[in-house]
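Q: Following this message is one structure expressed as structure tokens.
The values are calculated or read from the model by the stated rules, or taken from the named source; none is laboratory data. Just so you know, these numbers come straight off a predicted model, no measurement behind them. Because the Cβ atoms are built from the backbone with ideal geometry, glycine has one as well, and the counts that use them run over all protein chains shown. Surface areas here come from the heavy atoms of the whole protein model, side chains and all, with no ligands, DNA or RNA. Shrake-Rupley method; radii C 1.70, N 1.55, O 1.52, S 1.80 Å.
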Amino acid sequence: MTEPVVSLMPVRPAELAVGKPLQQSIYDWHGNLLLAAGCVIESRDQLAGLVGSGFIQDSAWDLNPKPSSPPLTAASLRRPGAAPEPAAEDANTSKEVIVGMDDVRWYVGETLYLQLIDNPAVRYTVRLIGFVKNKTVSISAPTVDGKLEFVRDGQTFIVRAFSGKKAYAFVAAALKSVHSPYPYLHLSYPKEVRCTVVRRGVRADVKIIASVSLENPDRTGAATLTDLSMGGTSGTIKQMLGKKGEEGQIKFKVEAAGQDEFLNLKMILRSVAPSENGEGFKHGFEFVDVSIHDRLILSAFVHQTLAEGA
């Protein structure tokens, strides 16, 4: 059996076209072959799928890169207290690869999250203005409660972002703050960007109050949601609300991209068990028939929560 390719970077949309043979083989994020070099992309749907989840081999990727200063390690990207990465992959794991800044498909206005390396409690949410290859990355000036924050030259940040199913992180130093005519910040151009594909089952730790109803609208309860993913959520309810397999609705509010969004999702109750602390029952819900609009909101919120909690 052929070993999966491990040195990968996202496909470049400009190099793909319907009806034209592939110049390079395309793989999924596991490194397993999706479409071999020389094969022809037959439809726009197939093209969109390859652009959204495809990778090409990056022969220049150093499997043992020398760390930059300060180093950006897998451990630095995990939340404090998080368990070490498992040796084997399962449905909830993610895979990390190294990409170049110019291979990342970000747009002007993309949300970035900054975290000071020497003071991890200091975090800012900013917007991407643009970048000049090998020179600088320009972002909106960090603010707190609408007031500009002072950032001294040389301060170093871990910068995180999400795009589709991919999470990105790199280390950059503040080069210069500009105040006129519009306040923005120049960051150093990263030598490498770490890209992690966020899988559907990856869960963000949350504390959200939700309204849950099962089949009969009279059978409702208030739940405290403790984790949330694209595919479902779990939360504690004072009483056992129903039986496994029952369908219903779950309603809750999240803040995504700076706006309050109300979600009313169809779900199936998948598990019920006494909570670990003995207070109420923990219910597990699977989301079903989620609209594209609601998927975008869920994705934005889950990714944002993962970034802010990392």
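Q: Mean separation of Cα pairs under 8 Å and 6+ residues apart, divided by the residue count of the range 230-310: what relative contact order is that in percent?
A: Rounded, it is 34 percent for the range 230-310.
Q: Suppose the chain between Lys191 and Leu175 were pulled fully straight at 0.36 nm per residue; how much longer would it get relative to their current alpha carbon spacing?
A: The span from Lys191 to Leu175 would gain 4.2 nm if fully extended.
Q: Right, another one. Sort the following peptides by mean Cβ neighbour count (other Cβ atoms within 10 Å, averaged over residues), highest first: 40-52, 294-306.
A: Ranking the peptides 40-52, 294-306 by packing returns 294-306, 40-52.
Q: Would you mind getting the accessible area per residue of the range 146-253, heavy atoms of the protein chains only, 1.4 Å probe, in Å²?
A: 51
Q: What residues qualify as long-range amide H neighbours of Glu246, i.e. H under 5 Å apart, gap of 5 or more or another chain, H built at 1.01 Å from N?
A: HN-HN under 5 Å from Glu246: Leu269.
Q: Follow-up. Check Arg219: other-chain or 5+ apart residues with amide H under 5 Å from its amide H, H built from backbone geometry?
A: Leu214
Q: Hey, another quick one. Take the Cβ-Cβ distance between Tyr107 and Ser275 as r, set R0 to 30 Å, and report the resulting FRET efficiency rounded to the nearest 0.05.
A: That pair, Tyr107 with Ser275, gives E of 0.10.
Q: Just subtract the alpha-carbon distance of Glu286 and Asn134 from 0.36 nm times their residue separation and send over the number in nm, one decimal.
A: Computed gain between Glu286 and Asn134 is 50.3 nm.
Q: Something else now. Once you put a point 7 Å from the Cα of Arg12 and another 7 Å from the Cα of Ile209, both along the Cβ direction, what distance in nm separates them?
A: About 5.2 nm, to one decimal.
Q: Would you mind getting me the FRET efficiency between Gln23 and Arg295? Use the beta-carbon distance for r and R0 = 22 Å, nearest 0.05.
A: Approximately 0.10, to the nearest 0.05.
Q: Along the range 124-138, what does the Karplus equation 6.51 cos²θ - 1.76 cosθ + 1.60 (θ = phi - 60°) give for ³J(HN,Hα), rounded to whole Hz, x for Gly and Pro?
A: Residue by residue, the range 124-138 yields 9, 10, 10, 10, 6, 9, x, 8, 10, 3, 6, 10, 7, 10, 9 Hz.
Q: Sticking with this one: Can you pull the accessible area of Thr226 for me, 1.4 Å probe, Å² to the nearest 10?
A: Its accessible surface works out to 50 Å², give or take rounding.
Q: Oh, and also: Roughly speaking, what is the centre-to-centre gap between the range 130-150 and the range 251-291 when only Cα atoms are used, to the nearest Å?
A: 35
Q: Provide the per-residue ³J(HN,Hα) series for the range 244-252, in order, calculated from phi with Karplus coefficients 6.51, -1.76, 1.60 and θ = phi - 60°, each as a whole number of Hz, with x at glycine and proline positions.
A: Couplings: 4, x, 6, 9, x, 10, 10, 10, 7 Hz.
Q: Continuing with the same structure: Please compute the modelled spin-label separation between Lys238 and Asn264, points set 7 Å along Cα→Cβ, answer in nm with one decimal.
A: 2.5
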